[in-house]
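First comes the structure, then the notes that go with it.
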Amino acid sequence: MSDKKPSKGAFYLQIIKDGIIFKNPTFIQLLGMCPTLAVTTSVFNGIGMGLSATFVLVFSNFFVSLLRKFIPSKIRIASYIVIIAGFVTIVEMVMKAYLQSLSESLGLFIPLIVVNCIILARAESFASKNEPIASALDGLASGLGFTLALTIISAIRELIGNGTLLGYNIMGENFSPALLIILPAGGFLVLGFLIALVQYIMQKGKGEK
Amino acid sequence: MLKQTSKSEMLPLKLTIIVSAVVLMLAIVNELTFETIASNLAAKSNSARQELFVDSNGFSPVNFELTADEAKTVSEIYSAAGEGEDILGYCMNVVCKGFGGDIVLIVGVDLDGSITGVRLISHAETPSIGASALTEDGGLLTRFSGVTASGVENVESVSGATITSSAVKEGIAKALAVAQRLLKEGY
C-alpha cells in the first residue's frame, strides 16, 4: 500500500480480500450482530440471509456511489436509507414470489436488512468516496464475507444444536443435540469462540511476518 | 450568499427525486411479482383447505352476511363440498391480532361445529418467540383439533408465547361463533 496509485487490478483485489477476510464485517468489524445471532440457527437461513444482504449491498453501494456527487452531504443518510430500503423491498417481493419457503423462515429479518449496519457502513465509508464499479465490488466482497461468516456460524450451530446440516441428519440417530447451541445464548458462545479463533490466526500470521 | 440559498433549496428537490426514483422502481417490481405472490398465496390456501377436509371434492366461497365486528376476524368463508350436494363443513380465513401484526389462519369447522384443524397462512410474530408457537413443533395450532366453541378457552397456551397464544385463541373463538351462526341459519 506504499504506492500512492496502485493499479486497478491490485486495488480490486485488495477490496475483495478486505471484504471477505481482513475486514470481514462479522468477525473483524463486528457489524450486523443482530441478524448474525438471530438467523444462524440453520445453514439454509444463514446462507439465505447472507445472499439477500449481499444483493442489497451490491446494488445500494453501486447506486450510492453513482449518486455520490448528486446527493448533498446534509441529506446523505436519508438518501442512503431510501435507496437501501428500496432494494430490500425488492428482495422481499422477489423472495415472496419465487422463494416462498425461505421468505417464510426468514420472515421479519428481511425487512430488517434496511437497518443492517453493514450496508449503511459500506455506503458511508466506501461507496460515497469511490467509483461505482469498485463500490459494487466492495459490496459484493463484504456481502460474501458476511455470508461466509453466517454460513460458518450456522453450520456449527445446526450441527451441534440439531444434529443436521442443511436439514440432512449428519450425526446419526443416537446423537443427542446440545439444544443450548441453537438457543440465543449458543449464538453468542459460537460467535465469541469464532472471533477468538480468527483473532488468534490473524495475530499468528502477523507474528510470523 | 446567493449560492448558498440556491444550494439549500435543492435539498428537498433532490430528496424528492431520489424518493420518486425508488418508488418508481418498486412499482415496476411490484407489477412483476404481484401476480405470482397472489397465486402462491391462493395455492397455499387451497392446499391448506384440502388438508383440513381430505375427502372434499372442492371448495367454493360462501356469501354469508357478517357483522362489522365479525368481518374484522373472519375474512373469507369457503364450504367444503362432499358427495353430490352434501357439504362437509366450512373453512374460514381467520385474522388474529398477534404481537407483530396479523396472524392469518385457515380454520376448518365440520357440521357439528368442532374444529377439524388449523393451518397457518401468514404471520409477523417475533422469530423464535411468538413464531415458535406457530410452528409444527410449537404445537399451538394442533391443540385446536376437535375443539368446539366451549372448549377454546381451555386450550393450553404455549409458555413464552402468551400474546401469540391469546391472539390465536381469541381469533378462533370468534370464528367458531360465526360458524355456529352459519350452521344454525344456513346461508
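The values are calculated or read from the model by the stated rules, or taken from the named source; none is laboratory data. This structure is a prediction, so every number in the text was calculated from the model and none was measured. Positions of Cβ are backbone-derived with ideal geometry, glycine not excepted, and every protein chain shown enters the neighbour counts. Side chains included, ligands, DNA and RNA excluded: accessible areas come from the protein's heavy atoms. Shrake-Rupley method; radii C 1.70, N 1.55, O 1.52, S 1.80 Å.
Quick check: the distance between the Cα centres of region A:2-51 and region B:92-154, to the nearest angstrom? Region A:2-51 and region B:92-154 have Cα centres separated by 40 Å. Just the number, please: Stokes-Einstein D of region B:5-87 in µm²/s, Kirkwood Rh from C-alpha pairs, 10 °C, 1.306 mPa s. It diffuses with D of about 92 µm²/s by this estimate. Residue ranking by accessible heavy-atom surface, 1.4 Å probe, largest first, among A:79, B:132 comes out as B:132, A:79.
For the protein assembly as shown, the extents of the C-alpha atoms along the principal axes are 85, 66, 34 Å, listed from largest to smallest.
How many nm is it between the label spots at residue A:203 and residue A:174, if each spot is 7 Å from the Cα in line with the beta carbon? For residue A:203 paired with residue A:174, the spin-label model returns 3.9 nm. Straightening the chain between residue B:183 and residue B:34 buys 50.1 nm, computed as 0.36 nm per residue apart minus the Cα-Cα spacing. Residue B:16 contributes about 80 Å² of solvent-accessible surface, heavy atoms of the protein only, 1.4 Å probe. Here chain A was treated as a single set of alpha-carbon atoms; its pair distances binned every 5 Å from 0 give 1, 7, 14, 17, 17, 15, 12, 8, 4, 2, 1, 0, 0 percent. Annotation for residue B:137 and residue A:196: the two label points, set 7 Å from Cα along the Cα-Cβ direction, are 2.6 nm apart. Taking every alpha-carbon pair within region B:50-185, the share separated by more than 27 Å comes to 16 percent. The label-point distance for residue A:78 and residue A:21, in a model that sets each label 7 Å from Cα toward Cβ, rounds to 4.3 nm.
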